[in-house]
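Only one structure is covered here, and it is reproduced in the block below.
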Amino acid sequence: MQNKKRLAPQLRFPEFDGEWEKKCLGSISKNVGYGMNAAAKTFDGINKYIRITDIDERTRQFTPNPLTSPEGNIDEKYVLKEGDILFARTGASVGKSYLYNKNDGRLLFAGFLIKFHISAAIPYFVFLQTFQERYNKWVQVYSMRSGQPGLNAEEYKDFEFYLSQIEEQQKIADFLTAIDSRLQSLEKKKSLLEEYKKGLMQQIFKQELRFKDEDGKDFPEWEKRKLGSLLFEVNEKSTVSNQHTILSSTTKGLFNQSDYFTRDIASKDNTGYKILRKYQLVFSPQNLWLGNININLDFDIGVVSPSYKIFDFNKKLTSYDFCRYLLFTNRMFYEYAQSSEQGASVVRRNLDMASFKAIPIKLPHLKEQTKIANFLSAIDTKIELVSEQIEKTKAYKKGLLQQMFV
């Protein structure tokens, strides 16, 4: 009974029964081969080149950036066909896979990839095996036998997994393909909403799109201001006496140069660091992170390096929500800071606070600020809802992959 459970999936279509059969990749494949050793050049309009870096880590889709073509003479044996799966054979991405999609067009594969043409199974069913934890463990073990990450064609041929009858393979593949289509549709919807928001923000902050007051009348013209009137700097520091309050807070964070918060401060002595409270803005005025900004939305209290600047919003002039779109979502700080750099070869850069506070802005009436913020927040809510749907669909698919395969 234990053996029978091991050779049949937990979740199955009712019309199928019986055990699955162990197979190796080499036994269901033909035309195994390495890719072409050619440098990439600008896309010639016909021949697309797929390299390891052109395969998305998460989705395993062909996502070139930029689209290229291989240099030199073209040999048709390197052109992918339906049923072909590529495997990365070396480096940190060893084990990464890609199933050829005819919608990707004419693709030639590069030398660090190995092609397997699936001839005795449903290609997508085999491709799904590469998303399984068993496959990841196999890659980790076998790719390091020589001390350097790598798998050759003969080693890939030995990868073992379980196959059902062809009809069951097809039904599983069709079912999961439908889920993939749903995911792609949601991701496209999210991308379109983000582009829509970006376009609207450009129109709003260029004042090409304006709002009306409750009586349908125009709001006053936007007022010319300097950034220093919108924000005021705070310089609250962590001391020996207030360390306990900071470290015992249930929501606390440490702002890092890479523009995100962590919770890794519970056991650290942060005396002399600057205190960052909720809804305050933190800004890097120097070094390689010049222009990095963030608004603390997640933590009641936290600490940041003394080199950072912390600001509160001037509530008499601006609403917090509007300021968030003007300064953070609109990336105004970063763009201005980068344009202020004196020479591209300078490694250490600084934006003095006088220049920072003198950044020119245009500020709408407080009531128009509220309308703008509410309008953009409504779009953000839609984007967040789609993001949640995407994550739930991914989790659903992950669960199916665990239950529908042996």
Enter the Cα centre distance for the pair the stretch 78-138 and the stretch 169-213, rounded to the nearest angstrom. 28 Å
Take residue 15, project a point 7 Å from its Cα along the Cβ direction, then tell me which residues of the stretch 385-406 have their backbone nitrogen under 20 Å from it. 404-405
If I stretch the segment between residue 398 and residue 101 completely, what's the gain in nm (0.36 nm per residue apart, minus their alpha carbon distance), one decimal? 104.8 nm
With a Förster distance of 22 angstrom and the Cβ-Cβ distance between residue 307 and residue 365, calculated FRET efficiency to the nearest 0.05 equals 0.05
By the scheme Lys and Arg +1, Asp and Glu -1, what is the net charge of all other residues having a beta-carbon under 12 Å from that of residue 30? +2
Residue-wise HN-Hα coupling along the stretch 100-115, computed from phi with Karplus coefficients 6.51, -1.76, 1.60 (Hz; x: Gly, Pro): 4, 10, 4, 5, 7, x, 7, 10, 10, 9, 8, x, 8, 10, 10, 9
So, with points 7 Å from each Cα along the Cβ direction, the residue 79-residue 354 label distance in nm works out to 6.6 nm
Near residue 48, which aspartates and glutamates are there with a Cα under 14 Å away, not counting those fewer than 8 places off in the same chain? 71, 75, 76, 104
For the stretch 74-207, report the accessible area per residue in Å² (1.4 Å probe, heavy atoms, rounded to an integer). 49 Å²
Non-local Lys pairs in the stretch 166-205, i.e. 8 or more apart or on different chains, that have alpha carbons under 27 Å apart: 6
Among 121, 139, 99, the residue whose Cα sits farthest towards the positive end of the charge dipole of the stretch 1-148, when +1 is placed on the Cβ of each Lys and Arg and -1 on the Cβ of each Asp and Glu, is 139
Treat each spin label as a single point 7 Å out from the Cα along the C-beta direction, and report the residue 61 to residue 178 distance in nm. 2.0 nm
How much of the accessible area of the stretch 109-228, probe 1.4 Å, is carbon plus sulfur, in whole percent? 49 percent
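The values are calculated or read from the model by the stated rules, or taken from the named source; none is laboratory data. None of the values given here were measured: they were computed from a predicted structure. Because the Cβ atoms are built from the backbone with ideal geometry, glycine has one as well, and the counts that use them run over all protein chains shown. We work out accessible area using only protein heavy atoms, side chains counted, and drop any ligands, DNA or RNA first. Shrake-Rupley method; radii C 1.70, N 1.55, O 1.52, S 1.80 Å.
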